[in-house]
1. Only one residue in 6, 49 is exposed (fewer than 10 other Cβ atoms within 10 Å of the Cβ), on the phi < 0 side of the Ramachandran plot, touching a strand residue (DSSP E or B) at 6+ places or on another chain (Cβ under 6 Å) and at pLDDT below 85. Which one?
2. Which condition does residue 21 not pass, out of (1) modelled with pLDDT under 80; (2) under 10 Å from the mean Cα position of the chain (by Cα), if it passes all the others?
């Protein structure tokens, strides 16, 4: 995964998948008390039951 953000058509940086996963993991960790690293691993797992879902595009 590329960790660098790229400029989108509107001139704003487009977040990478890895940065989105990190943000979701850290937010969830704060709320649940779980480890950020564990949550990141679970979100990146290829056997996720939500693997078919894609992020909404703006």
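The values are calculated or read from the model by the stated rules, or taken from the named source; none is laboratory data. The model shown is predicted, which means the values in this text are computed figures rather than measured ones. Counting neighbours? That spans all protein chains shown, and the Cβs are built from the backbone with ideal geometry, glycine included.
1. On the way: 49 fails: touching a strand residue (DSSP E or B) at 6+ places or on another chain (Cβ under 6 Å).
Going through 6, 49 in turn, just one is exposed (fewer than 10 other Cβ atoms within 10 Å of the Cβ), on the phi < 0 side of the Ramachandran plot, touching a strand residue (DSSP E or B) at 6+ places or on another chain (Cβ under 6 Å) and at pLDDT below 85: 6.
2. (1)
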